[in-house]
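The structure appears below as structure tokens.
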Amino acid sequence: MVLVLQLLPLLLSRAQGNPGVSLDGHPGDRVNLSCIGVSHPIRWAWAPSFPSCKGLSKGRRPILWASSSGTPTVSPVQPFAGRLRALDPGIRRLELLLSAGDSGTFICRGRHEDESRTVLHVLGDEADCRAPGPSQGSVYPQLLIPLVGAGLLLGLGALGVVCWQRRRSPSPPLRPVSRFAVSPPHSSTRESRTPETSKGGGA
């Protein structure tokens, strides 16, 4: 019984790898990821701590596989493309050039489903980071809103100056009304009837 208790931590470490390993680093640093306590590692995966920083969903994603040719296969679509490489054909050790948003758990999985985990924290990564937007287009709204506000203020100020100047300027004098416009409309009719009356009187 005593022998079983003594061997229990060793058995658990081989089944679960070494989940207590953690690394810290700054963007631009190079760190080594080691697969500890795993026999015949076949692939590495990464579970990001802050997936929104990379525009990703939660969960694991494969990043590297062992190959029968001896050259490990690196996923071309993973966020570490061009920054991750294996230091040995058995993919027990990896080298990663750190970048912002790389924080997460790196899982080395063996042929017998045993795992080794390394928790990486990139200094500066936070849960409230903002993902690149539509694009990484996030800068333009931040600049556009102040510009629109300034344009509205200038427009309102110019309109206020114009109204103030109109109030101060004297009103133009009224134009005199023409006599023709105020003459009675039936005056021409009265003049046309005058010759006929004189003709009747002469008769």
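The values are calculated or read from the model by the stated rules, or taken from the named source; none is laboratory data. In this text the structure is predicted, and so the values were computed from the model without any measurement. With ideal geometry, Cβ positions are generated from the backbone for all residues, glycine too; neighbour counts draw on all protein chains shown. When the accessible area is computed, the model is the full protein with side chains, heavy atoms only, and any ligands, DNA or RNA have been set aside. Shrake-Rupley method; radii C 1.70, N 1.55, O 1.52, S 1.80 Å.
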query = Based on what the data block shows, is Ser116 open to solvent by less than 60 Å² (accessible area, probe 1.4 Å), more than 17 Å from Cys35 (Cα to Cα), at pLDDT 90 or above and not hydrophobic (A, V, I, L, M, F, W, C)?
reply = no
Of Gly137, Gly133, Gly160, Gly101, the only residue that is under 30 Å from Leu84 (Cβ atoms) and modelled with pLDDT of 80 or more is Gly101
Among (1) outside any loop (DSSP other than H, G, I, E, B); (2) surrounded by 10 or more Cβ atoms within 10 Å (Cβ to Cβ); (3) modelled with pLDDT of 75 or more, Arg167 falls short only on (2)
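What residue, among those in region 93-113 that are over 11 Å from Arg43 (Cα atoms) and assigned to a loop (DSSP other than H, G, I, E, B), is most open to solvent (accessible area, probe 1.4 Å)? Outline the logic, then answer.
Narrowing region 93-113 to residues over 11 Å from Arg43 (Cα atoms): 93-105, 112.
With the extra rule that they be assigned to a loop (DSSP other than H, G, I, E, B), the set shrinks to 98-103, 112.
Numbers: Leu98: 8, Ser99: 39, Ala100: 63, Gly101: 4, Asp102: 0, Ser103: 1, His112: 132 Å².
Ranking the qualifying residues of region 93-113, first place goes to His112.
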Residue hits (region 32-51; open to solvent by 50 Å² or more (accessible area, probe 1.4 Å) and under 26 Å from the mean Cα position of the chain (by Cα)) are Ser49
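Does Gly90 qualify as being open to solvent by less than 40 Å² (accessible area, probe 1.4 Å), modelled with pLDDT under 85 and not aliphatic (A, V, I, L, M)?
no
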